[in-house]
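Heads up, the thing below is written out as structure tokens.
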Amino acid sequence: MTEVISQRRIRAVDAALRERARAVIPGGMYGHLSANGLPPEYPQFYARAERAHVWDVDGNEYVDFMCSFGPVLLGHKHPKVEAAVAAQLARGDTMSGPGAAMVEAAELLTDRVAHADWAMFAKNGTDATTISLMIARAATGRSKVLAAAGAYHGAAPWFTMRDAGVTPEDRANLRYYTFNDIASVEEAVAAAGGDVAGIIVSPYRHDAGFDQELVDAGFARQLRALCDRIGAALIMDEVRAGFRLNDGGSWEPIGVAPDLSAWSKAIGNGYPLAAVLGAGRYADAATQIFVTGSFWYQAVPMAAAVATITAVRDEGAVPAMVKTGTLLREGLAAAAADAGVAITQTGPVQMPNLSFPGDENYARAAAFCARAVDHGVIFHPRHNWFVSAAHTQADVERAVAAAREGFRAVRERFGES
Ligand code: PMP
């Protein structure tokens, strides 16, 4: 049966595009959306998307549990977001100044995110984390920033995942601590000799390729107290998790407020926008730095953000994702148990992470995901997945059915575990 389905998923157009791309795009494709490191069953190029479904350039349809690695929160082509985009597009997008939607987006974000008194906008998550660091430095007059070892905060030279093209000076002001380990933060602060402008942290440990770790509320509170004691900014990287964990700041349910927060991905439901949100006492520093971009003030993504953030509340997007994510987690657990394959599921259910204990080089994960792709479901072998508010119970059922095939593939290749 698998064989028959595999044969249906012909990828001649994708193969031809990959070949043309190799001639004119370094590596044929780069970055996190590159299919180069994925099993050959994955398509590289997509033709269209609707709600929780995507179609590759050969016309194959999939239930998509990557959501473009986060940006798609309400599902592709959400009617209210698309209406706001069309209306703004008819009036203008890249103009010689921002539209009214910039002020509306800032009002809405500062209303929804408790710690925020002001908002600045940019394009990508990397812009938002980098600007946050600059504001922390301008505010404190200090240089060093502490980050959790293994975390990802962007692709600028101060943080990109590889060393190629980066100088030691680019990273000279970074110091590392261990997530959920306040003693390690204290040690990093001591090693920095008091020169700490800020401490950047993710809402939970979502490092790619590892089991995920939720934040310990005690750690969050101690981090806040430590920042207050040493006069450093607590910077929350909400780029990946923002508005998926909570309708507001991700640490609001545990009562810990950052000074600055960096957002992007989901705030415009796929339209390109990033935001830095800050507490009032950082507003002066925010006006001192110079940051800008040719496309940062486009009105269309701002209008998309207003519609998206409004819909997150009106449509109960977070509880919807929790419900669907819970169904998926339970379905995967049952399917793995039936197949006699051991799995580990970690992270919030809206951002599922599945791994196989002792999985060297992600070989089991790759076999699992390849078979799932053959059965019309996109997961990822080394990165957390994303549930959107558009995923239905039927989508989850299809995902679990594909996962059953995936677990069977693991069992066939690697035996019972
Ligand atoms: N921070 C986190 C936690 C991220 O997940 C990402 C993107 N994966 C970034 C920052 C960088 O965002 P962008 O790719 O939009 O620059």
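Assorted remarks:
- Our note on the geometry: Cα centres of the stretch 155-173 and the stretch 297-339, 33 Å apart.
- Helix axis angle, 79-91 relative to the chain longest principal axis, alpha carbon, degrees: 60
- Estimated inter-spin distance, Ile254 and Gln222, nm [label 7 Å along Cα→Cβ]: 1.2
- Largest-first ordering by accessible area, 1.4 Å probe, given options Arg51, Arg9: Arg51, Arg9
- For the stretch 79-314, Kirkwood radius (reciprocal of mean inverse C-alpha pair distance, Å): 18.1
- Summed over the residues of the chain and divided among them, the accessible surface reaches 42 Å² per residue at a probe radius of 1.4 Å.
- Translational diffusion coefficient of the stretch 254-369 (Stokes-Einstein, Kirkwood radius from Cα pairs, 25 °C, 0.890 mPa s): 136 µm²/s.
- Per residue, the convex hull volume that the Cα atoms of the stretch 142-205 enclose (Å³): 80
- Spin-label pair Arg162-Ala21: with each label point 7 Å from Cα along the Cα-Cβ axis, the two points sit 1.6 nm from one another.
- Across the stretch 232-338, the relative contact order, built from alpha-carbon pairs under 8 Å that are at least six residues apart, equals 24 percent.
- Surface accessible to a 1.4 Å probe, Lys77 within the full protein complex, Å²: 110
- Overall dimensions of the chain, expressed as equivalent-ellipsoid semi-axes from the Cα gyration tensor (√(5λ), whole Å, largest first), are 35, 26, 21.
- For Lys123, the lysines whose Cα comes closer than 16 Å to its Cα, not counting residues fewer than 8 places off in the same chain, are Lys265.
- Relative contact order of the stretch 79-314, defined on C-alpha pairs under 8 angstrom at six or more residues apart (%): 34
- Shape call, the stretch 41-161: gyration tensor on alpha carbons, a/c limit 1.5: oblate
- Sequence-ordered 3J(HN,Hα) estimates for the stretch 205-210 from the Karplus curve with 6.51, -1.76 and 1.60 and θ = phi - 60° stand at 7, 10, 4, 5, x, 10 Hz, glycine and proline given as x.
- Counting DSSP beta bridges with both ends in the chain, the antiparallel % (nearest 5): 55
- Rounded to the nearest 10 Å², the accessible area of Lys323 at probe 1.4 Å: 150
- Sequentially through the stretch 378-393, phi angles give Karplus couplings (6.51, -1.76, 1.60; θ = phi - 60°) of 9, 10, 9, x, 9, 9, 4, 9, 10, 8, 10, 6, 8, 5, 9, 4 Hz, Gly and Pro residues having no value and appearing as x.
- 3J(HN,Hα) from dihedral phi, the stretch 94-108, Karplus parametrisation 6.51/-1.76/1.60, rounded to Hz, x for glycine, proline: 8, 10, 7, x, x, x, 4, 4, 5, 5, 4, 5, 5, 4, 5
- Interchain or long-range residues, amide H under 5 Å from His76's placed H: Arg51, Ala52, His53
- Three-way shape label, the stretch 300-417, alpha-carbon gyration tensor, a/c 1.5: prolate
- Relative contact order (percent, whole number), the stretch 95-198, Cα cutoff 8 Å, 6+ residue spacing: 27
- Shown here for the stretch 328-417: GluC sites (Glu not before Pro) in loop regions (DSSP other than H, G, I, E, B) with at most 15 other Cβ atoms within 10 Å, namely Glu416.
The values are calculated or read from the model by the stated rules, or taken from the named source; none is laboratory data. Fair warning: this is a prediction, and the values are worked out from it, not measured in the lab. Note: ideal-geometry Cβ built from the backbone for every residue, glycine included; neighbour counts use all protein chains shown. Just so you know, the surface numbers come from the protein's heavy atoms only, side chains and all, with ligands and any DNA or RNA stripped out. Shrake-Rupley method; radii C 1.70, N 1.55, O 1.52, S 1.80 Å.
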